[in-house]
1. Tell me the relative contact order for region 99-163 as a rounded percent, counting alpha carbon contacts under 8 Å between residues six or more apart.
2. Using modelled backbone amide H atoms (1.01 Å from N, in-plane), which distant-in-sequence or interchain residues come within less than 5 Å of Ala31's amide H?
3. Let me know the volume per residue of the alpha-carbon convex hull for region 3-78, in Å³.
4. Determine, for Tyr26, Tyr63, the number of other Cβ atoms within 10 Å of each Cβ, and report the residues in order from fewest to most.
5. So how do Ile18, Ile23 line up by other beta-carbon neighbours within 10 Å, fewest first?
6. Apply the Karplus curve 6.51 cos²θ - 1.76 cosθ + 1.60, θ = phi - 60°, to the phi angles in region 155-165 and return the couplings in whole Hz, x for Gly and Pro.
7. Please list, ordered by chain and number, the residues whose modelled amide H lies under 5 Å from the amide H of Leu131; skip anything fewer than 5 residues away on the same chain.
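Derivation of every value follows stated rules applied to the coordinates shown; laboratory data play no part. Computed from a predicted model, the values in this text were never measured in an experiment. In this analysis, Cβ positions are derived from the backbone assuming ideal geometry, glycine residues included, and neighbour counts consider all displayed protein chains.
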Amino acid sequence: MTADEDERRRAFETLYRITLPSIRSYARRRAPDDLAEDVVAQTYLTAWRRCDEAVAGGLPWLYRTARFTLANHQRTERRQLRVTQRVADTSDLTEPDGTAAADDRSLVLDAIERLSEDERELLLLVYWEHLSVKAVAVALECRPGTAAVRLHRARRKLRDALSDPSGSDRSTVPHIRTHTAEVPS
């Protein structure tokens, strides 16, 4: 570790030690405990990535970052609520043979629920928000190649979840990974 890196680390550690109680209290006043801890963690992750700005800006900079983090979470919650409402608005649809489309929708929603939050968000960004893989990469702060791989894995998990509507445990079934490339659409 170079002297500059060591100095940067010490400056961040000092900032963290001094400001953590204030940022934690700020987050807890505005969000449930589990979310508040996530907000604190994300705030300090951002501070580490932008250490020079964070150290120079001090507590006000951290408050601003925590506020932005909370706002992002609230936007995500609102977006997910809108998606849920859109799906609910289609509850009166029926198939040509008279069976309720709600059954299919229920299967899809159950399969989506079995995905991780990150996988759901990725699929919603691509299919609901119509973002390209490059745009998703920007939104998720990762490289386009990483976003494409995550999308491929999320699609595969959704496909597996849809083919097994009972949600039975697949851990007892041997799973062979194939290394095939899939070009995201």
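1. Working: 43 pairs, mean separation 24.2, N = 65.
The normalised contact order for region 99-163 reaches 37 percent.
2. none
3. Numbers: hull volume 5.7 nm³, N = 76.
Cα convex hull per residue, to the nearest whole number: 75 Å³.
4. Neighbour counts put them in this order, fewest first: Tyr63, Tyr26.
5. Details: Ile18 11, Ile23 21.
With the fewest neighbours first, Ile18, Ile23 line up as Ile18, Ile23.
6. 4, 5, 5, 5, 4, 5, 5, 5, 7, 10, x
7. Val126
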